[in-house]
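Coordinate-derived values only; no laboratory data. The structure displayed is predicted, hence computed values, not measured ones. Neighbour counts are summed over all protein chains in view; Cβ atoms, including those assigned to glycine, are modelled from backbone coordinates with ideal geometry.
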Amino acid sequence: MATVRIPRQKVILCGDYGVGKSSLFRRFTNNTFVSESDRKSTLGLDHIDREYKVGDKQIKLQLWDTGGMERVASVTSSYYKFAEGAILVFALDNAASFHSLSQHLLDIVTYAENAKIFICGNKSDLEGREPEVSDEEVEAFCEQCHTLISATYKTSCKIGEGIDEMFQDISRQLVQANRSKMELHALEQKSFQIDTASEPEINEEGTSCSC
Amino acid sequence: MNEEYDAIVLGTGLKECILSGMLSVSGKKVLHIDRNKYYGGESASITPLEELFQRYGLEAPGERFGRGRDWNVDLIPKFLMANGQLVKLLIHTGVTRYLEFKSIEGSYVYKGGKIAKVPVDQKEALASDLMGMFEKRRFRNFLIYVQDFREDDPKTWKDFDPTKSNMQGLYDKFGLDKNTQDFTGHALALFRDDEYLNEPAVNTIRRIKLYSDSLARYGKSPYLYPMYGLGELPQGFARLSAIYGGTYMLDKPIDEIVLGEGGKVVGVRSGDEIAKCKQVYCDPSYVTDKVRKRGKVIRCICILDHPIASTKDALSTQIIIPQKQVGRKSDIYVSLVSSTHQVASKGWFVGMVSTTVETENPEIEIKPGLDLLEPIAQKFVTISDYLEPIDDGADSQIFISESYDATTHFETTCLDVLNIFKRGTGETFDFSKIKHELGDEEQ
């Protein structure tokens, strides 16, 4: 296929309420940080695209935030659909948020079985306090999950540390994972999104109507 | 929960989720509750397959149907008209970004025990095996008339006032026989019964245009269907509502809708918690004393290992059996989706037959539909009451949706939603309100 479209990869944020998913989202979006006191919750945030360059390849990461649904209910299963990557976020100063990763992992494996999964320990800016979750514990968790976890990162949204590096690395991993998959994908008739365009969307790769 | 809201929405079925999204977008503070653990209520797509068997009290099927997780079976299957109300709602609310669709491959109509492609343009009219040679030409002229018809240009009306004269009059003008009227009214204009014949012809013309405009949009058929099943639709609108500040609670039983002075709603009670509100929007199951029964709908979900015969092996199909063809007062709808939409395991198909119940023995009523699907590996039959609210909610400020009808498209669903929105807010939903705001963040 001779398309030159930049591949877009949906990446979702998962994790407990309050671990900093929206902060990561904000850093990704416009590299800002809003302290807890002025923050309402995840209002008005949906998803955003950003391009990354991996070697000679362009890739568009489309990062999705939960919309705050996890506050009292659960996130809808459709949130996970079509995700190519999932970032499991926990807070380094909150052991409980680390222990519930297995539940979030189960959701990802159930609803987005093809997604590559990454772990992100947020709030690395502890200012002398001991983290509640040690590197060994994270390692042990990854080992239990066998090969499910592709990589782990540490970030601080407050001081903006490790975030760009994380998204850069995730882009690299997704490009790699996709080389073979994309070719396979091209063979199948693609579904499409409906939009405002008055012109009907033509699926070049789809089989044409024979009747 | 112990807060005050502008509106509390009960049930996360499609209608309630659309309403919740529309209300949140309009700036209302919304609390949305479901007694179930999952989103979607009756509009959910059931997964895995074992869960569907369990719902119907059947033993788990084992390995027979492939991997259970590959299945997402709609309890109330329907298709979207590509140019219809729901698609407009999806586009204008931006919910379309959460979903992917595929066209339904074939649209057929039943005649004399066989099925034929629904002809919608002149070429198809002439090639169709639904009509004899002379009738084809008359039907073609009728289609040209509809195609050229402009509501704002009386010259295109050709000495016929479609706002005053009825549809029977227009059929007679073109000399169309009963058989042609039948598939035009039921498979093209998608009317459920024959009352439309006595109504102004313009209604029918609009609906035929909707059909052909929808067809023109993505080809193959006028219908669309979302990947992973219809359960994705309510979830998309729920996300919209959440993005605009709506609060979600699942697995929360509702014990009472609390009324105040003059029978006006003041809140909703769950256990000893009360959430205050000015309005409640809900499905009939939350207010059994405020709804009445207006009939029954039968739906039969069928698992097949083959496409429907004479559909050129289409992986998805809609077939309409017009009432008169089988001596009934309401149409029978047949639909088929498959693994191509991620709703069934590879090589399997999900068929559905539905209609409005007319006799004491509804399963016999749908036999003509089931015959088209045979052989059927597994059947799941549901007969449910069609409920409607006893009042418009003006006094109580409780706005209740109607049950989902037997039709296999969403036009009536959307009309109900827009109607409830109007009753509740006093305004017609402004489609232009949200589109751009949501688009902004994508820049």
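See the values below:
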item	result
On Cα atoms only, tilt of B:411-425 relative to the major axis of chain B in degrees	40
Contact order relative to length of the range B:118-218, as percent, for alpha carbon pairs under 8 angstrom and 6 or more apart	29
Isotropic mean projected area of the C-alpha convex hull, the range A:8-182 (nm²)	10.0
Radius ratio Rg over Rh of chain B, counting only Cα atoms, Kirkwood formula for Rh	0.98
Pairwise FRET efficiency - residue B:141 versus residue B:274, Cβ, R0 = 60 Å, nearest 0.05	0.40
Relative contact order of chain B, defined on C-alpha pairs under 8 angstrom at six or more residues apart (%)	24
Shape category assigned to the range B:81-175 from the gyration tensor of Cα positions, a/c cut at 1.5	oblate
Sum of side-chain charges, residue B:395 neighbourhood, beta-carbon under 13 Å (Lys, Arg +1; Asp, Glu -1)	0
Cβ charges +1 (Lys, Arg) and -1 (Asp, Glu), total dipole of the range A:8-182, debye	920
Gap separating the Cα centres of the range B:1-38 and the range B:161-186, nearest whole Å	43
Within-10-Å neighbourhood charge of residue B:251 [Cβ basis; K, R +1; D, E -1]	+2
Positive-pole candidate from B:188, B:212, B:166, dipole of the range B:118-218, charges at beta carbon	B:212
The range B:118-218 - Rg over Rh from alpha carbon coordinates, Kirkwood radius	0.93
Residue B:245 long-range amide H proximity, modeled H, under 5 Å	A:44
Cα lying deepest toward the dipole's positive end in the range A:8-182, options A:152, A:106, A:52, charges on Cβ	A:52
Separation of alpha-carbon centers, the range A:93-158 and the range B:274-318, rounded to whole Å	41
Separation between Cα centres of the range B:196-226 and the range B:326-403, rounded to whole Å	21
Translational diffusion coefficient (Stokes-Einstein; Kirkwood radius from C-alpha pairs) of the range B:1-81 at 25 °C, 0.890 mPa s, in µm²/s	166
FRET efficiency for residue B:419 and residue A:134, using Cβ-Cβ distance with R0 set to 60 Å, rounded to 0.05	0.55
Relative contact order %, the range B:258-350, counting alpha carbon pairs below 8 Å whose residues are six or more apart	18
Two-decimal ratio, the protein assembly as shown, of alpha-carbon radius of gyration to 2.2 N^0.38 Å	1.02
Computed [θ] at 222 nm, deg cm²/dmol, chain B (DSSP H ≥ 4; -39,500 (n - 2.57); rounded to nearest 500)	-8500 deg cm²/dmol
Cut-off 18 Å (backbone N to label point 7 Å along Cα→Cβ of residue B:329), residues of the range B:347-380	B:355-366
Kirkwood hydrodynamic radius (C-alpha pairs) into Stokes-Einstein, the range B:136-183, 25 °C and 0.890 mPa s, D in µm²/s	219
Exceeding the 22 Å Cα-Cα cut-off - candidates A:81/B:37; B:117/B:324; A:81/B:117	A:81/B:117
When each of B:114/B:136; A:60/A:158; B:102/B:312; B:15/B:290; B:88/B:111 is checked by Cα-Cα distance, pairs over 29 Å	B:88/B:111
Tilt relative to chain B, helix B:232-243 - C-alpha long axis, 0 to 90 degrees, to 10	40
Local net charge near residue A:91, Cβ-Cβ under 9 Å (Lys/Arg +1, Asp/Glu -1)	-2
